[in-house]
Amino acid sequence: MSEPKKLYIKTYGCQMNVYDSERMSETLGGQGYVETQSPDDADMILLNTCHIREKAAEKVYSELGRFKGLKAEKPDLKIGVAGCVAQAEGEEIMRRQPLVDLVVGPQSYHRLPEMEAKTRTGAKALDTDFPEEDKFEKLKNRPKAKRGPTAFLTVQEGCDKFCAFCVVPYTRGAEVSRPADRIIREAQDLVERGVREITLLGQNVNAYHGAGANGDMTLAGLIWELNKVDGLERIRFTTSHPNDMSDDLIEAHGTCEKLMPYLHLPVQSGSDRILKRMNRSHTAESYLRLIERIRAARPDIVMSGDFIVGFPEETEEDFQATMDLVEEVKYGYAYSFKYSTRPGTPAAERPQVDPDAADDRLQRLQALITRHQREIQDAMVGRKVKVLFEKSGRLPGQMVGKSEYLHSVHVSDADVAVGELRGVEITASGANSLAGALI
Ligand code: 5AD
Ligand code: SF4
């Protein structure tokens, strides 16, 4: 038998890309590839790129430049660019960086085997279409390998919201939901391979409306179906839009036992003036009322969010409104970013905020968020939680896992195996994790 070819994938950006990289690796597995952790011994290098913030495209070009020596040594090495930069830049990548053999957009991964074969003839392969066929069905070619206890599962892709700062509606296209039965089959398959916790993914996951047995299903409907899957212990989902937080989903947070008490619900800003300019179609007040309802259904839920500071025309007063909103919600986790111009989006043309002012606001916001994070984490001390153990810790005998609230918890001298779900009493709170003892 010939040596397997080696595939090196580097993944940037969101969890969707992590999921997509796994699917690409499995598909190319069908072509005789196995994954390697180093580009040096690879026969194919794939960069799965992200275009959401920063100078993403420039980073990709500089990373590609670093493979020049490798390619000179090994002329058969194939180099590919996947993901949202591939979608946004397409032919430009091929033109600017002759090292690249293959460019594939996020909707075309199932065509990788043909594309790879084409590159083997010395030709270049480019596909950034939005094809009609279901790429996930075509990507089913998965080996039945054992897996860790947690997994991502993409249920919908794309977004129709067109927030004024965001490239997703352009790079990932219009919102498309996968049929429910395929998702449930994939979940069952994951459970058979050792998975205990599934995080449902989508750029707008709570807008999910996939075909079900009796017409379209909501995300809550899908969660209830997954709740029935034997051996699956935990369900999470991300990322949600406030306007798609339907009543049945809020209710599920109170009643569905496998749905975890953690919700990532980005608001982006606390200023109605800025929210309007962002095309968010909700207000700070409507968001706060929504959180009240979610907390009424599940009082101990830990909230998480995303913020952009320094959005065009943001004043100090607008920023204060964001600080006030954060003060009111108290997030257990929150991700804050300085606005970065994405060419082709509506906000790119508008007057920009002074970068020093934006830096200063980002620091103040992050300090406040960190304080809340720490308070929420500290308040866990003395409480009993359930931990899904994921790996061994840094110290001998130590095991690490996640609580239902997504806090990292480590236990010393723990007689537990990876994949076990056990009761733990929290004994101490550190900078980024909790310590506990098995009950
Ligand atoms: N600049 C800064 N942050 C952005 N995000 C999306 N687009 C931009 C941009 N142009 C942030 C939003 C989103 C998260 C995934 O990334 O907060 O929720
Ligand atoms: Fe981008 Fe999210 Fe807005 Fe969609 S809802 S445009 S993915 S920020």
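Tallying residues that are open to solvent by less than 30 Å² (accessible area, probe 1.4 Å), more than 25 Å from the chain's Cα centre (by Cα) and polar (S, T, N, Q) within the stretch 397-428 yields 1.
Residues checked against (1) touching a residue at least 24 places away in the same chain (Cβ under 8 Å); (2) outside any helix (DSSP H, G or I); (3) more than 16 Å from ligand 2 (Cβ to nearest atom); (4) assigned by TED's automatic domain parsing to the domain that holds G401:
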residue	(1), (2), (3), (4)
A334	yes, yes, no, no
D356	no, no, yes, no
L362	yes, no, yes, no
Q366	yes, no, yes, no
R374	yes, no, yes, no
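Pairing residues of the stretch 111-127 that are within 18 Å of Q97 (Cα to Cα) with residues that are buried (at least 20 other Cβ atoms within 10 Å of the Cβ) and β-branched (V, I, T), at Cβ distances under 6 Å and at least 6 apart in sequence or on separate chains, gives L126/V103; D127/V104. Only one of the numbered conditions (1) among the aliphatic types (A, V, I, L, M); (2) outside any strand (DSSP E or B); (3) exposed (fewer than 14 other Cβ atoms within 10 Å of the Cβ) is not met by M24, and that is (3). Screening T218 against (1) more than 26 Å from E327 (Cα to Cα); (2) within 13 Å of ligand 2 (Cβ to nearest atom) leaves a single unmet condition, (2).
Can you spot a residue in the stretch 159-177 that is buried (at least 21 other Cβ atoms within 10 Å of the Cβ), part of a helix (DSSP H, G or I) and more than 16 Å from ligand 1 (Cβ to nearest atom)? Scanning the stretch 159-177 turns up no residue that is buried (at least 21 other Cβ atoms within 10 Å of the Cβ), part of a helix (DSSP H, G or I) and more than 16 Å from ligand 1 (Cβ to nearest atom). If you go through the stretch 181-214 and pick out every residue that is acidic (D, E) and touching a Leu at 6+ places or on another chain (Cβ under 9 Å), you end up with 2. Filtering K68, K74, K6, K59 for residues that are more than 16 Å from ligand 1 (Cβ to nearest atom), within 27 Å of the chain's Cα centre (by Cα) and of a type outside the set (F, W, Y) leaves a single hit, K6. Of all residues being crowded, with 17+ Cβ neighbours inside 10 Å and not hydrophobic (A, V, I, L, M, F, W, C) in the stretch 268-281, which is nearest to ligand 1 (Cβ to nearest atom)? Just the residue, please. Restricting to residues being crowded, with 17+ Cβ neighbours inside 10 Å and not hydrophobic (A, V, I, L, M, F, W, C), the top hit is Q268.
Among the residues here, V326 qualifies as surrounded by 15 or more Cβ atoms within 10 Å (Cβ to Cβ), out of contact with any Lys or Arg (no Cβ under 7 Å at 6 or more places or on another chain) and outside any loop (DSSP other than H, G, I, E, B). A single member of L438, L434, L388 is open to solvent by less than 20 Å² (accessible area, probe 1.4 Å), over 30 Å from M323 (Cα atoms) and not charged (D, E, K, R), and it is L388. A Cβ distance below 9 Å, combined with a sequence gap of six or more or placement on separate chains, defines the contacts here; from the stretch 53-67, residues that are without any contact (Cβ under 8 Å) to a residue 60 or more places away in the chain reach residues that are open to solvent by less than 80 Å² (accessible area, probe 1.4 Å) and among the acidic types (D, E) in the pairs A57/E89; A57/E92; V60/E89. Applying a threshold of 7 Å to beta carbon distances and a minimum spacing of six or more residues, or different chains, the list of pairs starting in the stretch 26-39 at a residue that is in the same structural domain as E114 (by TED's automatic domain parsing) and under 19 Å from L190 (Cα atoms) and ending at one that is part of a helix (DSSP H, G or I) and of a type in the set (A, V, I, L, M) reads T27/L112.
The strands (runs of 3 or more DSSP E) found entirely in the stretch 218-314 include none that carry 2 or more residues being of a type in the set (S, T, Y), within 24 Å of D160 (Cα to Cα) and touching a helix residue (DSSP H, G or I) at 6+ places or on another chain (Cβ under 8 Å).
For the stretch 36-62, the set of residues classified as surrounded by fewer than 17 Cβ atoms within 10 Å (Cβ to Cβ), away from ligand 2 (no atom under 16 Å from the Cβ) and within 25 Å of L201 (Cβ to Cβ) consists of Q37, K59, listed by residue number. Looking only at the stretch 180-187, decide whether some residue is within 16 Å of ligand 1 (Cβ to nearest atom), crowded, with 22+ Cβ neighbours inside 10 Å and at negative phi. Within the stretch 180-187, not a single residue is within 16 Å of ligand 1 (Cβ to nearest atom), crowded, with 22+ Cβ neighbours inside 10 Å and at negative phi.
The values are calculated or read from the model by the stated rules, or taken from the named source; none is laboratory data. Everything numeric here is computed off the predicted structure, so don't read it as measured data. Here the Cβ is made from the backbone with ideal geometry for all residues, glycine too, and neighbour counts use every protein chain on show. To get the accessible areas, we keep the full protein, side chains included, count just its heavy atoms, and leave off ligands, DNA and RNA. Shrake-Rupley method; radii C 1.70, N 1.55, O 1.52, S 1.80 Å.
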